[in-house]
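One structure is given here, and the rest of the page talks about it.
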């Protein structure tokens, strides 16, 4: 199946009349749509957009690297005008923190904050003599596996989701995972994050990492929903190459909430880990 013909996940626009020009303004395209509802965005594209904003707010020559990024979803990220603004709560030469917020414009013209990110950046230096990674590279890279637009049949997700919305704009390649019978899936977004721009490898990775919550669940959406409220990623190095490997598994507790944990890779090896909190809701109980 071919990817839908969209130009990007977000189109940059001028500030609507009367709105604060200190923000960047974007119009989401239908390529961002969630599997849960056609009225909201999948968590991946807004996460990528906020990471892009944080990258643009810092000096790339200061020697620091993004080491931990937390995305908090404060409400439904809608398809109206989105605007983004960044701050640097903690400047520093060795350690700094950068933050960004995404607001969504409602039908009445007012904005509400729908998502917030914070990231720690640490000064890079040579620690290769003590490098110690918890996992070797995935057995096969994406070029050694069959590739699909959307999720292949070998990935245990609901059939209706395989090409829906944002998922239908991503190229995937799957192999057996290491986490309790999961599939490890290589993912690469097929569209620019923002029209007219080249997406950085860091922003491309964060555009797809939110998918870990769906990949690791192993639940039937006819019976359960498991929408995540956050994504936290710890990196041991910066992603390269545009592909992100996700080996994910959900730990579902007895009290209506769960956590999805994932090992992350790029084509050179282990990259870091992600964790996501999810609210478990029985569909029949609604």
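Structure summary
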item	result
Hits in the stretch 180-198 - residues which are buried (at least 17 other Cβ atoms within 10 Å of the Cβ) and under 17 Å from residue 249 (Cα atoms)	182, 183, 184, 185, 186, 187
Scan of the stretch 45-85 for residues that are in contact with a helix residue (DSSP H, G or I) (Cβ under 7 Å, 6 or more places away or on another chain) and modelled with pLDDT under 95, ordered by number	77
Residue that is touching a residue at least 12 places away in the same chain (Cβ under 8 Å) and within 24 Å of residue 277 (Cβ to Cβ), where the choices are 210, 201	210
For residue 173: the one exception among (1) within 15 Å of residue 31 (Cβ to Cβ); (2) more than 15 Å from the chain's Cα centre (by Cα)	(1)
Any pair with Cβ under 6 angstrom, 6 or more apart, that starts in the stretch 124-147 at a residue that is farther than 14 Å from residue 245 by Cβ and ends at one that is modelled with pLDDT of 95 or more	124/63; 124/65
Hits in the stretch 199-220 - residues which are part of a loop (DSSP other than H, G, I, E, B), at pLDDT 85 or above and surrounded by 24 or more Cβ atoms within 10 Å (Cβ to Cβ)	210, 211
Subset of the stretch 171-196 (residues that are in contact (Cβ under 8 Å) with a residue 24 or more places away in the chain and in a loop (DSSP other than H, G, I, E, B))	177, 178, 179, 180, 182, 190, 191, 192, 193, 195, 196
Elements of type strands (runs of 3 or more DSSP E) in the stretch 1-84, at least 3 residues being crowded, with 20+ Cβ neighbours inside 10 Å and in contact with a strand residue (DSSP E or B) (Cβ under 8 Å, 6 or more places away or on another chain)	24-28, 64-73
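The values are calculated or read from the model by the stated rules, or taken from the named source; none is laboratory data. Treat the numbers as computed from the prediction; the structure is a model and nothing was measured. Don't worry about glycine lacking a Cβ; one is built from the backbone with ideal geometry, like all the others, and counts go over all protein chains shown.
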